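For reference, the structure is listed below as structure tokens.
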Amino acid sequence: MKFLAPALACLALVACGPTDTTIGSAVEAPADFMPNVRTGNIEAHIRFLASDYLQGRDVGTDGYEIAANYVAAQMQLLGLEPAGDNGGYFQQVPLQDVTADAAYNSLSLDGETFAQGDRVYISTNPSLPEASVTAPLVFVGYGVSAPNRDHDDYAGLDVAGKIVVIVNGVPGGLPSEERAHHLSSTTKRNLAAAHGAVGMITVTSRTDEQMRTYANGTAALPVTSLTPATGPSSRDQIQVSAEVGATLGARLFEGAEMSLEDVRAAMSDEENPTFPRFELPHSVSLQQRTISEPFTAPNVVGMLRGNDPELADEIVVLTAHLDHIGTIHDHMRGRGGCRSNDGEDSICNGAVDNASGVSIMLETARAFMQQGTPRRSVLFVALAGEEKGLLGSEHFARNPTVPADAIVANVNLDMPVIVYEFNDVVAFGSEHSNLGPIATRAAARMNIEVSPDPIPEQSIFVRSDHYNFVREGVPSLFLMTGFSSPDPRWDEGEGFMGFLSTHYHRQTDQLDGDLEVLFDQGAKFANINYLIAREIADSDERPAWNDDSFFGNLYGQASE
């Protein structure tokens with residue numbers, strides 16, 4: 001369903017108005033103001049957004065459209081200016097459900113053709129409905145360029161017009177966030193495209209049977225992607241991408257200076273790893289066809305204009321993703337849907353993920369409107385398609401509805417786990433910019449500590465919507481409830497990790513069930529979020545990357 005249910009849309013426009021006097025414009029307030037977000041407001045938003053009527057808010061469904069209308073209505077009631085497209089609150093994100101054409105896709109090597117699922121999987125290409133390439137092969141190791149770590153798999157190689165062959169993984173010894181960045185298939189594809197390659201083959205360790213199961217199973221389902229309307233993509237250059245299993249991968253190295261087995265051994269040597277790179281004595285033909293069903297889903301955008309003549313044109317962006325993963329039925333439509341089934345319940349309501357974040361963002365906006373116009377302008381954005389791969393934030397960050405060079409910071413709210421009383425918060429990205437000390441000072445005003453990343457192995461900094469702003473050079477923070485609690489049942493991460501293991505992306509992430517959502521903790525989190533955003537918006541100092549930040553040095557020039 002790609003259209004709005006009119007009756008419920010009307011309900012969303014009037015439901016759950018503010019519990020206090022409607023605010024039409026912000027007022028002046030003292031600098032030492034302490035916010036006091038109402039618990040009832042947090043509860044009211046979450047109850048609507050996590051209602052069964054919204055059917056899990058999957059993008060492309062009526063439920064998501066109703067949620068978007070609700071957020072737009074709340075922004076209007078608060079007095080935020082519409083800041084989407086065409087003078088409204090919506091920015092339509094161009095999306096498509098894409099599926100690989102298994103009957104067409106293939107890889108040909110030395111006169112033998114391997115069909116989709118026969119030791120090879122040819123990926124969809126959202127940018128090109130159909131493409132074929134025939135080119136020589138060049139092995140480029142992991143396909144990683146990390147000059148700050150004295151590692152560059154492309155150094156001295158000419159891959160222009162060729163198909164690069166890479167193996168899964170990254171060099172050892174990288175910090176977790178850098179490792180996650182380099183491990184990303186998008187990063188590897190972008191790098192190959194920048195060097196002029198026209199195709200990419202990733203050699204996996206899967207057996208022939210595992211490749212067949214993968215290609216004919218989950219990988220055969222539709223996946224939601226942006227359309228070319230978002231802008232240029234490395235997929236324009238890397239026309240066909242493929243994954244091959246271990247046996248076909250070994251054949252690509254036949255007759256080369258090293259076998260695949262020897263290459264893997266050299267790269268994984270614990271004492272003295274080496275990273276061979278060389279041309280392979282084969283030419284390969286790859287062809288792909290992608291079947292597309294386009295649709296749109298809105299980001300919801302509201303603006304509070306600043307009052308400082310010198311700073312009002314600078315914009316602090318607050319974000320929270322509005323979508324969730326829908327129902328069991330939606331999973332049949334594509335990857336990443338509601339997978340489990342808890343009895344008769346087929347809906348993944350997403351009360352914590354991320355109705356909580358959107359509710360906190362709306363109440364942060366209310367605190368601004370009630371307690372004083374900031375010096376800088378503040379933009380509030382409820383994002384579409386996070387669950388499909390950070391799609392709404394990518395489209396907005398690349399095509400903002402405000403001048404791109406005006407965006408100076410992003411604070412992102414994704415799944416505040418408000419199911420336990422928390423003593424601390426984690427501000428991912430705080431070590432990368434001068435936003436870190438701001439977060440520490442703001443939390444301290446609420447007697448809350450900012451703790452270091454408690455799960456660095458998860459590389460969370462590159463896994464939520466703020467990362468698309470980082471890629472555009474914008475210093476960013478991502479706030480999360482911490483691992484410390486005064487209740488020993490939830491201390492030392494038991495509250496957070498318990499939610500992940502029991503309720504995350506399951507039907508039990510809902511209200512009035514076994515999960516107890518603590519609305520007072522949502523209000524506390526909103527107070528902290530307001531204080532952070534307020535200091536960023538009012539500070540004399542413009543947000544800036546730290547000199548030693550990996551991401552600042554990699555992307556910071558984009559904002560200059």
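The values are calculated or read from the model by the stated rules, or taken from the named source; none is laboratory data. If you're wondering where the values come from, they're calculated on a predicted model, not measured in any experiment. Cβ atoms come from the backbone with ideal geometry, glycine included; neighbour counts cover every protein chain shown.
Quick notes
- From the list R376, R366, R441, the lone residue that is among the basic types (K, R), more than 14 Å from the chain's Cα centre (by Cα) and surrounded by fewer than 23 Cβ atoms within 10 Å (Cβ to Cβ) is R441.
- In region 235-276, of all residues being crowded, with 20+ Cβ neighbours inside 10 Å and of a type in the set (D, E, K, R), the one that is nearest to L128 (Cα to Cα) corresponds to R235.
- Residue among S259, S283 that alone is free of Cβ contacts under 8 Å to residues at least 40 places away in the same chain, more than 24 Å from the chain's Cα centre (by Cα) and more than 30 Å from L95 (Cα to Cα): S259
- Selected residue (only one of F519, F469, F428, F496 is of a type in the set (F, W, Y) and without any contact (Cβ under 8 Å) to a residue 60 or more places away in the chain): F428
- Consider region 315-342 and keep the residues that are out of contact with any Asp or Glu (no Cβ under 9 Å at 6 or more places or on another chain) and at pLDDT 95 or above. The one that is nearest to I66 (Cα to Cα) is L318.
- Looking at region 108-198, the strands (runs of 3 or more DSSP E) lying wholly inside it that each contain 3 or more residues that are touching a helix residue (DSSP H, G or I) at 6+ places or on another chain (Cβ under 7 Å) and crowded, with 17+ Cβ neighbours inside 10 Å sit at 163-167.
- Cβ pairs under 6 Å, 6+ apart, first in region 291-313 and more than 15 Å from T401 (Cβ to Cβ), second part of a strand (DSSP E or B) and among the small types (G, A, S): G306/S377; A312/S377
- Top-ranked residue in region 408-418 [being over 17 Å from the mean Cα position of the chain (by Cα) and buried (at least 24 other Cβ atoms within 10 Å of the Cβ); ranked as nearest to H505 (Cα to Cα)]: V417
- If you filter region 450-464 down to residues that are modelled with pLDDT of 90 or more and of a type outside the set (V, I, T), you find that the one that is surrounded by the fewest Cβ atoms within 10 Å (Cβ to Cβ) is P452.
- Note on region 149-186: residues that are acidic (D, E) and over 26 Å from I455 (Cα atoms) amount to 4.
- Residue in region 357-382 that is farthest from D58 (Cα to Cα), counting only those that are in contact with a strand residue (DSSP E or B) (Cβ under 8 Å, 6 or more places away or on another chain) and among the hydroxyl-bearing types (S, T, Y): T373
- Residue ID - modelled with the lowest pLDDT, chosen from residues in region 492-525 that are at positive phi and over 25 Å from the mean Cα position of the chain (by Cα): D512
- Scanning region 277-325 for residues that are under 24 Å from D62 (Cβ atoms), touching a strand residue (DSSP E or B) at 6+ places or on another chain (Cβ under 8 Å) and buried (at least 24 other Cβ atoms within 10 Å of the Cβ) returns A297, P298, N299, V300, V301, G302, T319, A320, H321, L322, D323.
- Contacts under 6 angstrom Cβ, first residue in region 205-216 being over 9 Å from G117 (Cα atoms), partner surrounded by 14 or more Cβ atoms within 10 Å (Cβ to Cβ), 6 or more apart: S205/A246; R206/G245
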